[in-house]
Every structure is written in C-alpha cells, then in structure tokens.
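Quick note: the coordinates plus some simple rules give every number you see, no bench work behind them. In this text, all values refer to a predicted model and were calculated from it rather than measured experimentally. For neighbour counting, all protein chains shown are included, and Cβ atoms are generated from backbone atoms with ideal geometry for every residue, glycine included.
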C-alpha cells in the first residue's frame with residue numbers, strides 16, 4: 001500500500017501506544033498524514049509523531065479527551081488546519097476497567113460507555129462534513145471479541161464494544177451512497193499493556209500466542225484500502241471464535 005494514501009489525512013484516537021501506535025505507523029507508511037491523539041500520554045504521542053516526521057511524514061500529536069464534545073471539535077479543527085481535512089478516522093480510544101458483576105458500579109459503567117462508545121459517536125459526527133465534501137471517507141472502529149463473547153473485563157466493557165459494532169452498522173447503512181465506508185476490527189487477547197501480567201490467558205488461544213498490535217493494524221489497513229467493504233466487523237481471535 002506504499003503511497004496509496006498519499007494526500008489523505010488520518011486521525012487515530014488513542015494513538016500514542018499499543019494498537020493505536022501500530023495503526024499510525026502503517027497509515028504513515030501508506031503515505032497518509034497522521035494525527036496522533038492521546039488523553040494523557042503526550043510524551044509518547046510526541047515521540048511517535050517525531051518518529052513519523054523523521055521519515056518524511058506530516059504528523060501532529062494532540063492531547064485531548066475524545067469523550068468530550070468540545071475537545072473533539074478542537075482536535076478536528078487543529079488537524080484540518082495543520083494537516084488538511086480528515087479523510088480517515090480510526091476510533092481506537094478506550095478504557096478497560098476490570099470488574100466482577102458484584103463489584104461493578106454505576107460510575108464504572110458510565111465512564112466505560114462514555115470513553116469507549118460515545119467518543120466514537122462524537123468523533124464520527126465531527127469528521128463527517130469533511131468526508132462528505134470529498135465524497136470519500138474511511139471510518140474504522142476498534143471493537144473487541146467481548147462484543148460477542150464473555151470477555152474477561154466485565155459486562156460494562158461487553159456493552160460498550162457491542163454498542164460500537166451497532167454504531168458501525170448504523171453509520172455504514174446511512175453513508176454507503178456517499179463514498180464513506182464504516183467498519184470495525186474486533187481483536188481478542190492482543191499483546192499490549194492491557195495483557196501484561198496475564199500470561200495464563202494464552203492457554204485460551206488455539207494458535208498458542210497473543211496477537212500483535214501490528215496484526216490488528218494490518219486488518220485496519222485492509223478496511224481502509226477496500227471501497228466495497230462496509231458495515232463489517234473483522235475478528236482477530238487466534239482461533240478462539242468464528243463469525
């Protein structure tokens with residue numbers, strides 16, 4: 001996909017590390033200008049943006065809470081001013097508060113829905129005018145195997161990711177005639193900071209190992225590259241589950 005996205009601008013939320021950082025790198029490798037969003041880890045986001053710029057990529061790091069409407073508006077305005085109108089949105093920002101059924105609080109539930117699901121809605125609404133103006137857009141939502149399976153984090157997390165996949169299909173159906181595709185990628189048990197300290201979970205995976213952030217990023221790139229695919233969820237589970 002070298003230079004296939006030249007002239008395009010991408011915004012990746014939660015892009016400073018892990019899966020988000022891997023997505024930023026592959027988008028940049030394909031020629032896109034990249035905005036790396038984070039909520040708190042601006043040092044990591046800055047380091048990634050610096051790395052991309054050293055390879056000739058136009059990149060910017062932006063710290064902002066994408067679960068807040070005003071913050072999202074400011075991100076989109078800044079990206080448009082510095083890199084150009086946003087063509088590609090990857091909704092990757094999320095939190096994972098592990099709770100048992102008896103420990104789960106209303107605050108845990110509300111915060112998970114706010115960060116994992118509402119942020120995707122806010123960012124999508126904010127970039128749509130730019131995509132519609134060009135009659136071209138790619139939106140990829142990072143879901144989870146927990147959208148369909150039991151998962152290990154809690155029912156609040158299941159609900160947030162299932163909601164994201166519903167959001168994906170709802171937007172896809174309504175934007176299909178406007179040159180904008182909306183899809184999701186649903187990874188399970190990927191080797192990220194979230195999985196540190198849980199090596200026992202490998203025993204659940206038929207393939208015998210955690211997935212990698214780059215493998216998730218490659219699935220995202222498949223969706224960005226394919227104009228005929230919309231409203232779909234690509235699952236990466238190492239053989240734990242099948243669609």
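Between the beta carbons of residue 42 and residue 200, assuming R0 = 25 Å, the FRET efficiency works out to 0.15 to the nearest 0.05. Taken over the chain, the convex hull of the Cα atoms encloses 120 Å³ per residue. Between residue 101 and residue 222, full extension at 0.36 nm per residue minus the direct alpha carbon distance yields a gain of 39.9 nm. Using alpha carbons only, how many degrees (0 to 90, rounded to 10) separate the axis of helix 155-175 from the longest principal axis of the chain? Once rounded, the angle reads 40 degrees. How far, in degrees from 0 to 90, does helix 18-29 lean away from the longest principal axis of the Cα atoms of the chain, to the nearest 10? So the inclination is approximately 30 degrees.
When 156, 55 are sorted by how many other C-beta atoms sit within 10 angstrom of their C-beta, beginning with the fewest, the order is 55, 156.
Grab the DSSP H runs of the chain that are 4 residues or longer, score each as -39,500 (n - 2.57), total them, divide by all residues and round the 222 nm result to the nearest 500 deg cm²/dmol. Mind dumping the intermediate values first?
Values: 7 runs with 97 residues, N = 243.
That comes out to -13000 deg cm²/dmol.
Summary of the geometry: segment 39-57 and segment 103-152, compared by the centres of their Cα atoms, lie 23 Å apart. Placing pseudo-labels 7 Å out from each Cα toward the beta carbon at residue 173 and residue 243 gives an inter-label distance of 1.7 nm. Relative to the longest principal axis of the chain, what angle (0 to 90°, nearest 10) does the C-alpha long axis of helix 42-54 take? Rounded to the nearest ten degrees, it is 50. For segment 97-243, relative contact order (Cα pairs under 8 Å, six or more residues apart, normalised by length) works out to 26 percent. Each of 190, 86 has some number of other Cβ atoms within 10 Å of its Cβ, and from fewest to most they run 190, 86. This ranking places 121, 242 by how few other beta-carbon atoms lie within 10 Å of each, fewest first, which gives 242, 121.
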